[in-house]
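Undergrad: Below you will find the structure I want to go over with you.
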Amino acid sequence: MSLQADVDQLAEYCAQAAGLGVTELAITEHCSRFCQFDQLLRGWWDSDGSLARRSEMAKCWDEELGGDLDQYVETVLAAKVAGLPVVVGLEVDYFPDRMDEVATLLGNYPFDVLLGSVHWIGAWLFDALEWVRAQEQWSTRGVDRVWDDYTRSIEELAACGAVDVLAHPDLAKVAGHRPEIPDEFYDRIAEAARSSGLAAELNSSGWRKPCAEAYPAPALLSRFHDHGIPITTASDGHELDHVSWRVADRGPLARSAGYSEVSAFRDRVRTTLPL
Ligand SMILES: [Zn+2]
């Protein structure tokens with residue numbers, strides 16, 4: 001698409017958001033779609049012990065690939081110049097032992113906000129709900145072990161300092177598998193965000209998934225509040241109809257956890273707005 005067509009598409013997203021009372025959108029494409037990340041990280045999955053999973057990961061990585069980070073950033077900046085209420089963001093996955101290189105690459109671009117997320121444990125894409133083999137891993141590994149591995153990745157991601165906000169902080173519940181006693185995991189996730197000065201996302205997309213609940217769960221959101229962790233809001237829209245989806249349901253959830261304000265970012269600096 002041409003730059004103008006891309007800006008026009010962002011204008012449509014902004015119009016959709018404005019119709020629902022949302023005044024600013026962070027554009028946060030997944031980092032793994034960009035060739036610059038491919039050049040840096042290709043083969044990161046090689047340390048996974050399963051050949052089948054490594055091949056599946058390589059195939060999935062190639063299918064998602066195709067964007068150019070320079071062009072992406074240029075498009076969002078052009079949208080800003082055109083007066084659209086957007087900020088330049090990116091969703092950055094956690095790549096064990098590679099985050100220093102990732103941070104160096106990110107430092108070359110004028111991002112307003114960087115989300116950090118965990119979608120993989122080793123090369124297992126645990127939120128690939130439609131992959132039967134991937135979903136079988138829940139019973140092979142056991143729910144508590146998966147949550148422990150997920151939480152450790154969140155702790156390492158938070159500590160690496162490369163991102164500003166924890167995206168969908170309890171994504172490990174996506175397929176509907178929750179630990180019987182989640183408290184230890186919630187405490188660790190909240191402490192990871194607090195000790196690294198991160199904000200956390202209140203993300204409505206969980207309502208579209210088998211977990212049927214926003215991220216984070218109310219009990220985790222309350223812990224975030226008690227730990228003094230600021231929140232941002234997100235709908236994780238991958239298509240026009242999902243932009244600002246269920247925005248009206250997020251406010252009451254945040255308020256019931258004790259929040260009266262939300263955060264926004266410019267040049268990776270946080271500011272607050274009334275909820
Ligand atoms: Zn994500």
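The values are calculated or read from the model by the stated rules, or taken from the named source; none is laboratory data. None of these values were measured; they are calculated from a predicted model. Every residue, glycine as well, gets a Cβ built from its backbone with ideal geometry; the counts of neighbours run over all protein chains shown. All accessible areas refer to the heavy atoms of the entire protein, side chains included, with ligands and DNA or RNA removed. Shrake-Rupley method; radii C 1.70, N 1.55, O 1.52, S 1.80 Å.
Residues are listed down the side, and each one gets a yes or a no for (1) open to solvent by less than 40 Å² (accessible area, probe 1.4 Å); (2) at pLDDT 95 or above:
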position: PHE37; (1), (2): yes, yes
position: GLY49; (1), (2): no, no
position: MET57; (1), (2): yes, no
position: VAL73; (1), (2): yes, yes
position: VAL86; (1), (2): yes, yes
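Undergrad: Next question, about the same structure. What number of residues within region 94-124 satisfy the criterion of being buried (at least 19 other Cβ atoms within 10 Å of the Cβ), among the aromatic types (Phe, Trp, Tyr) and within 26 Å of PRO230 (Cβ to Cβ)?
TA: The number of residues fulfilling the criteria is 3.
Undergrad: What do you reckon, is SER117 at pLDDT 95 or above, over 30 Å from ALA78 (Cα atoms) and within 16 Å of the ligand (Cβ to nearest atom)?
TA: No.
Undergrad: Applying the selection to region 121-153, what residues are in contact (Cβ under 8 Å) with a residue 24 or more places away in the chain and part of a loop (DSSP other than H, G, I, E, B)?
TA: Answer for region 121-153, where residues must be in contact (Cβ under 8 Å) with a residue 24 or more places away in the chain and part of a loop (DSSP other than H, G, I, E, B): GLY122, ALA123, PHE126, ASP127, ALA128, LEU129, TRP131.
Undergrad: Among the listed residues GLU180, GLU213, GLU184, GLU201, which satisfies the condition of being out of contact with any Cys (no Cβ under 8 Å at 6 or more places or on another chain), among the acidic types (Asp, Glu) and assigned to a helix (DSSP H, G or I)?
TA: GLU184
Undergrad: Scanning region 83-97 for residues that are within 16 Å of the ligand (Cβ to nearest atom) and in a strand (DSSP E or B), which turns out farthest from ARG152 (Cα to Cα)?
TA: It comes out as GLY89.
Undergrad: Looking at region 188-197, can you tell me whether even one residue there is within 27 Å of SER50 (Cα to Cα), modelled with pLDDT of 95 or more and out of contact with any Cys (no Cβ under 7 Å at 6 or more places or on another chain)?
TA: No, region 188-197 contains no residue that is within 27 Å of SER50 (Cα to Cα), modelled with pLDDT of 95 or more and out of contact with any Cys (no Cβ under 7 Å at 6 or more places or on another chain).
Undergrad: List pairs: first in region 167-190 and farther than 9 Å from LEU220 by Cβ and touching a residue at least 40 places away in the same chain (Cβ under 8 Å), second in a helix (DSSP H, G or I) and within 12 Å of the ligand (Cβ to nearest atom), Cβ under 6 Å, 6+ apart or cross-chain?
TA: Listed by first residue and then by second, the contacts come to nothing, as the list is empty.
Undergrad: Restricting attention to region 214-247, and to residues there that are of a type in the set (D, E, K, R) and modelled with pLDDT of 95 or more, which single residue is most open to solvent (accessible area, probe 1.4 Å)? Write out each step before concluding.
TA: Taking region 214-247 first, the residues of a type in the set (D, E, K, R) are 223, 226, 236, 239, 241, 246.
From what's left, modelled with pLDDT of 95 or more: 223, 226.
Values: ARG223: 45, ASP226: 122 Å².
Out of the qualifying residues, it is ASP226.
Undergrad: Another one. Every residue in region 248-275 that is assigned to a helix (DSSP H, G or I) and either aliphatic (A, V, I, L, M) or at pLDDT below 95 (or both), please.
TA: ALA248, ASP249, ARG250, GLY251, PRO252, LEU253, ALA254, listed by residue number.
Undergrad: Do you know which residues across region 126-148 are open to solvent by 30 Å² or more (accessible area, probe 1.4 Å) and under 20 Å from the mean Cα position of the chain (by Cα)?
TA: ASP127, LEU129, GLU130, ASP148
Undergrad: Out of (1) of a type in the set (D, E, K, R); (2) open to solvent by less than 40 Å² (accessible area, probe 1.4 Å); (3) farther than 23 Å from LEU171 by Cα, the odd one out for GLU91 is which?
TA: The single condition GLU91 does not satisfy is (3).
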